Amino acid sequence: MGLVGEENGGADSLGIGKNNKYKRMGSEVDDDDDFDDDLIHYQRQLEKRKSTRRYVIACAVFASLNNVLLGYDVGVMSGAILFIQEDLKITEVQEEVLIGCLSIVSLFGSLAGGRTSDVIGRKWTMALAAVVFQAGAVVMTFAPTFEVLMIGRFLAGVGIGLGVMIAPVYIAEISPTVSRGSLTSFPETFINLGILLGYVSNYAFSGLSVHISWRVMLAVGILPSVFVGAALFIIPESPRWLVMQNRVDEARSVLLKTNENESEVEERLAEILLAAGIGNSAEKYEEKPVWRELLSPSPALRRMLIAGFGIQCFQQITGIDATVYYSPEIFKHAGIKGNSNLLAATVAVGVTKTAFILVAIILIDRLGRKPLLYISTIGMTVCLFSVATTLALLKEGQASVTMAILSVCGNVAFFSVGIGPACWVLTTEIFPLRLRAQAAALGAIGNRVCSGLVAMSFLSVSQAITMAGTFYTFSAISALSVVFVYTLVPETKGKSLEQIGSLFEDQSDWKGDEVEMGDVEHLVQKK
């Protein structure tokens, strides 16, 4: 036994055991134990990673449910208006006001949403949005006159304004950096899903009586907001909002649930604390009120506001909501006859719009925001020009119908691939934490105002300069959006929310190596 002990001791001291079978056997056992421990640790990490991803995706899905309401309204009104006209005997001007007013009214919801979400939290602002929309949907469903229908539209618009403003902010604030782009695209995905459901609802209930059909179509829109109530028991509050309320331990708990790598949690928390100014009493004392800072911005903040507000406006003034709301009118001009055929054609538009948003979700964190914006804006310019040319030059017939459907579907496809989701992603990424909710609300207001103005004037403008002339105008505006993206929008892929602010301090880096820098930072973070 003494010999074995000496041999083992000698082998241990030399770190070798080439001629000692006892030592070699012991090493193999130790190596096996180490391997088993490593395997168990790896399996636990893998399970933790899967669990975290599922949790974050669930939060993003539930937070996006309010956006189904906006999409459903856009889709369902395109068909319901055919029956409302016949039932309530409304004029063409009343039709434009009824359709477009929701977007205009929603700006009040977005305007209130920024301040409300800073006071009661991101989570409960989503709950408020669902309640207000439900009230509006019930009023619209039972409206006996145009005036009562408008009251319902007002309430629904406020609810939608709250919902579309807060969902991207909430998702951006809970998402890990590496998947923030795709997750923040979820609200736009659910808008597209809502549009498709609206189109399907139109087609499904078009066989009912004129008095009943449009009421059932509108009533179905209540369902998504019911699920929002259930979601409130699952999703956490935004960790960044919790930090602003000085509830740091709760914020850390949420970050532990939403980040795969626990070692990054303290680093992220430190960045958020710095951005919120917690612990820096001098900085806190010198802070200006948020709205005063937005109205008299620093040069960097001014660049953020131009980029965020501008991309939101361009998303709508290229005519996407007019294309969706009035797609039956467009197809009617192209030569499609009968309400059922018109509504069936719009379903194709809804399917295309929804399918291509999935492409954006896959690519936005791989290719980046700017490449998708280039593809989107250039493609939309071509398709809008094609719609205009089809309506201007081709006579009613199969060729005209085919080209109109392909061009409209192409337009919504390119929209969904880029500017549709990317504008919401960028708006929630680029602003500092203290200003984020109210600055994002300002962007949402620009989006809704432009949407409302386009929707409310589309028929009148089309009568004045022809529908083809209107789409030539949209095509020209879309071409301008390409220039806007190139000159004023930075690449934000691979950067934390707290890092993105530095991009606006110096614009000279935007043109050349923003993607490469993002990739390098992402790799460093992973290490």
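The values are calculated or read from the model by the stated rules, or taken from the named source; none is laboratory data. All values derive from a computational prediction rather than experimental measurement. Note that we place each Cβ from the backbone using ideal geometry, even for glycine, and neighbour counts take in every protein chain shown. Side chains are part of the model used for accessible areas, which takes the heavy atoms of the whole protein and leaves out ligands, DNA and RNA. Shrake-Rupley method; radii C 1.70, N 1.55, O 1.52, S 1.80 Å.
A few points about this structure:
- Qualifying positions in region 313-356 - in a helix (DSSP H, G or I), of a type in the set (D, E, K, R) and open to solvent by 10 Å² or more (accessible area, probe 1.4 Å): Asp321, Glu329, Lys332
- Flag for Ala230 being at pLDDT 80 or above and either part of a helix (DSSP H, G or I) or open to solvent by 30 Å² or more (accessible area, probe 1.4 Å) (or both): no
- Phe108 being open to solvent by 30 Å² or more (accessible area, probe 1.4 Å) and of a type in the set (Phe, Trp, Tyr): yes
- Evaluation of Lys395 against (1) open to solvent by 20 Å² or more (accessible area, probe 1.4 Å); (2) within 30 Å of Gly501 (Cα to Cα); (3) among the charged types (D, E, K, R) (one fails), failing number: (2)
- Some residue of region 404-419 being of a type in the set (Gly, Ala, Ser) and touching a His at 6+ places or on another chain (Cβ under 9 Å): yes
- Residues in region 88-105 that are over 19 Å from Tyr325 (Cβ atoms) and either buried (at least 21 other Cβ atoms within 10 Å of the Cβ) or touching a residue at least 60 places away in the same chain (Cβ under 8 Å) (or both): 0 in all.
- Some residue of region 172-186 being closer than 21 Å to Arg448 by Cβ and out of contact with any Pro (no Cβ under 9 Å at 6 or more places or on another chain): yes
- In region 134-161, the residues that are closer than 30 Å to Val243 by Cα and open to solvent by less than 10 Å² (accessible area, probe 1.4 Å): Gly159, Ile160, Gly161
- Residues within region 357-369 that are open to solvent by 10 Å² or more (accessible area, probe 1.4 Å) and in a helix (DSSP H, G or I), tallied: 5
- Qualifying residue in region 329-337 (condition: under 27 Å from the mean Cα position of the chain (by Cα), at pLDDT 80 or above and on the phi > 0 side of the Ramachandran plot): no
- Ser400 being buried (at least 24 other Cβ atoms within 10 Å of the Cβ), assigned to a helix (DSSP H, G or I) and not hydrophobic (A, V, I, L, M, F, W, C): no
- Evaluated against (1) out of contact with any helix residue (DSSP H, G or I) (no Cβ under 7 Å at 6 or more places or on another chain); (2) closer than 19 Å to Asn447 by Cβ, Pro371 falls short on exactly one condition, (2).
- The listed residue being touching an Asp or Glu at 6+ places or on another chain (Cβ under 8 Å), modelled with pLDDT of 85 or more, assigned to a helix (DSSP H, G or I) and closer than 21 Å to Val105 by Cα, out of Ala156, Ala219, Ala167: Ala156
- Residue match in region 194-209 (condition: surrounded by fewer than 19 Cβ atoms within 10 Å (Cβ to Cβ), out of contact with any Gly (no Cβ under 9 Å at 6 or more places or on another chain), of a type outside the set (A, V, I, L, M, F, W, C) and modelled with pLDDT under 85): yes
- Leu128 being assigned to a helix (DSSP H, G or I), open to solvent by less than 20 Å² (accessible area, probe 1.4 Å) and among the aliphatic types (A, V, I, L, M): no
- Subset tally (residues that are among the hydrophobic types (A, V, I, L, M, F, W, C) and under 18 Å from Ser238 (Cα atoms)) for region 95-129: 7
- Of the residues Gly163, Gly181, Gly157, the single one that is in contact (Cβ under 8 Å) with a residue 60 or more places away in the chain and under 18 Å from Asp73 (Cβ atoms) is Gly163.
- Number of the condition not met by Gly79 [criteria: (1) closer than 22 Å to Ala219 by Cβ; (2) modelled with pLDDT of 85 or more]: (2)
- Condition met for Ser478 (among the polar types (S, T, N, Q), open to solvent by less than 10 Å² (accessible area, probe 1.4 Å), touching a residue at least 40 places away in the same chain (Cβ under 8 Å) and in a helix (DSSP H, G or I)): yes
- Selected residue [in contact with a helix residue (DSSP H, G or I) (Cβ under 8 Å, 6 or more places away or on another chain), buried (at least 21 other Cβ atoms within 10 Å of the Cβ), part of a helix (DSSP H, G or I) and modelled with pLDDT of 85 or more] from Ser386, Ser460, Ser376: Ser376
- Any hit, region 405-415, residues being in a helix (DSSP H, G or I), touching a residue at least 40 places away in the same chain (Cβ under 8 Å), touching an Asp or Glu at 6+ places or on another chain (Cβ under 6 Å) and within 30 Å of Thr125 (Cβ to Cβ): no
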